[in-house]
Each structure stands twice: as C-alpha cells, then as structure tokens.
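Reviewing the structure listed below.
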Amino acid sequence: MTVHRSIKIAPSILSADFANFGAEIRAIEAEGADWVHVDVMDGHFVPNLTFGPMAVKAFRPHVKTVMDVHLMIAPVDPYIDAYADAGADVLTAHVEAGPHIHRTLQAIRGAGMKAGVALNPGTPAEAVAHLLDLTDLICVMTVNPGFGGQKYIDMTDKVRHLRKMIGDREIHIEIDGGMDPTTAPGMAQAGADVLVAGSAVFRGGSVSQPGVYGKNMRAIRDAVEAI
Ligand code: DX5
Ligand code: ZN
C-alpha cells in the first residue's frame, strides 16, 4: 500500500547530548531530519525537567527546517509569547494541561505560530473534536510523556479515527513515543505524517559519528515506504 502523505521524521533532541545542542541539531539536519522536535518539560505536568524558552531561543539559529516545540507544561498560556519570541514554528500544548485549550490554541495562532494539540495515551480522540478548526497539528502520544526510550503504546485506532475526523482539513498527525522501524509503518498507514523519534535516531551516533543518525533515520523511512 502506498502512503499518500509525505512522511516527515522529527528527531527529538531530548535524546541528544545536552552539552552540545547546536552541533546535534546541525548533525541531524545534515543527515536528513525534516523537522526538529523540542521537548519542553516542567517537572509538574510531567515528572521530568528539560529546558525553557531561553534555551529554545538559543537553538533557533541552528534549526534550518521546522522548529517543532512540544510543551509538556501547565499552565501554558503565560509562556506562549516567550515561545513565539524564541522562534517556534509549531507550538503544541496538551489538551490535559488546563481547562481552556480552546483559548490556548487561539493564542498560539494569534502569536503567529502553528498550533498543535497533544493527547496523552489515555485521552480519547473526541477531546479534539471541537478544536479541529483551530489546530494545525494533532500530536498522538504513544508513551506517557516525560521520558525518552519508553515502550510504545499502540494507538492505531485513535490515529485512524482522528484521520477520519480531520477529513480534508490540513492538519498534521504527529506520533510521539517509541517510534522505530517496527512501530512507525503502522502509524503512517493509519494516517500519521510526522514521526517523532528520539532514541531510535540518536542511538549509537554522536556529532563525530553523524552518519549513524542518517542511517537510523533511513531505517525508519525505508520501513514506512515498504508498506
Ligand atoms: C516524551 C517526548 C518524546 C520522546 C520520544 O515525553 O515527548 O518526544 O523524546 O522519545 P523516544 O523516541 O525515545 O520514545
Ligand atoms: Zn515530544
């Protein structure tokens, strides 16, 4: 079966060398990354902490493709302008992060960014039914957010259902968590077009061995194209 949407691989720099983000971003892009996925965690919405808007702003000049910022924080609204100023192209908030996701998505678009909405594994597709006209991307979590390298949780039905709900709207479906050459093809087939991968891209490579990143990304792409 052919995949009708072009698949984009978005390596998560959560799995990069935290002392070397600039070089890591340049390496993954040189090796074929389509987007760069930036995982922001607050130690409150998720049980882990990464970085905030000042660090994201420092990443910006290194990103030549799309800077895809995934906020795992609550609240979101007080920080939207800071991430616009940091240069995020896509800013994704979790539907579980607060009572007013509709307002949050409006504010993200109002600040000039593409608006994404993320769903934890336990959250049904219907949670975004009334948000579709405010949304440019739906991120389906296939792990409980907070850490890289976790075991994939199958969300095929949810992705299929979302693709139907979306109809002919221009909305990306992004999958985040446990993506590798064995899990990615099913998600692409179900209707996803952006695949986030952390450990499966960075595993075995480094900025001095960037070819491994390329090989890892190719393995995912080849597996998807083989379906
Ligand atoms: C999980 C993050 C993911 C994560 C994916 O909280 O949002 O982006 O880094 O990592 P892997 O691909 O290792 O599951
Ligand atoms: Zn993420």
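The values are calculated or read from the model by the stated rules, or taken from the named source; none is laboratory data. Being a predicted model, the structure only gives us computed values, none of them experimental. All Cβ positions, even for glycine, are placed from backbone atoms using ideal geometry, and neighbour counts span all protein chains on display. Side chains are part of the model used for accessible areas, which takes the heavy atoms of the whole protein and leaves out ligands, DNA and RNA. Shrake-Rupley method; radii C 1.70, N 1.55, O 1.52, S 1.80 Å.
Can you spot the lysines whose alpha carbon is less than 23 Å from Lys114's alpha carbon? Ignore those fewer than 8 places along the same chain. Filter leaves Lys8, Lys57, Lys64, Lys158, Lys164.
Roughly how big is the chain's charge dipole about its Cα centre, with Cβ charges of +1 (Lys, Arg) and -1 (Asp, Glu), in debye to the nearest 20?
With Lys and Arg at +1 and Asp and Glu at -1, about 260 debye.
Segment Arg5..Thr182, full-extension length gain: 61.8 nm, with 0.36 nm per residue of separation and the alpha-carbon distance subtracted. Suppose we look only past 22 Å in the calculated P(r) of the chain. What percent of the Cα-Cα pairs does that tail hold? Across the chain, Cα pairs with separations above 22 Å total 47 percent. Among beta bridges from DSSP that stay inside the chain, the antiparallel ones total about 5%.
For segment 160-227 versus segment 58-113, the spacing of their alpha-carbon centroids is 22 Å.
Apolar share of the accessible surface for the chain: 53 percent from carbon plus sulfur atoms, 1.4 Å probe.
Note on His62 and Gln150: the model spin-label points, each 7 Å out from Cα along the C-beta direction, lie 2.5 nm apart.
Across the chain, Cα pairs under 8 Å and at least six residues apart give a relative contact order of 21 percent. When shorter helices are ignored and each DSSP H run of at least 4 residues is given -39500 (n - 2.57), the per-residue value for the chain at 222 nm works out to -9000 deg cm²/dmol. P(r) for segment 46-126, from all Cα pairs and a bin width of 5 Å, is 3, 15, 27, 26, 17, 9, 3, 0 %, short bins first. Taking a virtual spin label 7 Å from the Cα of Ala30 along the C-beta vector, which residues in segment 201-227 bring their backbone nitrogen under 15 Å of it? Correct set: 205-215. Sorting 85-94, 30-39 by average packing, meaning the other beta carbons within 10 Å per residue, from highest down gives 85-94, 30-39.
Quick check: residue separation of Asp133 and Asp168 times 0.36 nm, minus the Cα distance between them. What number comes out in nm? Show your work: numbers first, answer last.
Values: separation 35, 0.36 × 35 = 12.60 nm, distance 1.14 nm.
Using 0.36 nm per residue and subtracting the Cα-Cα distance, I get 11.5 nm.
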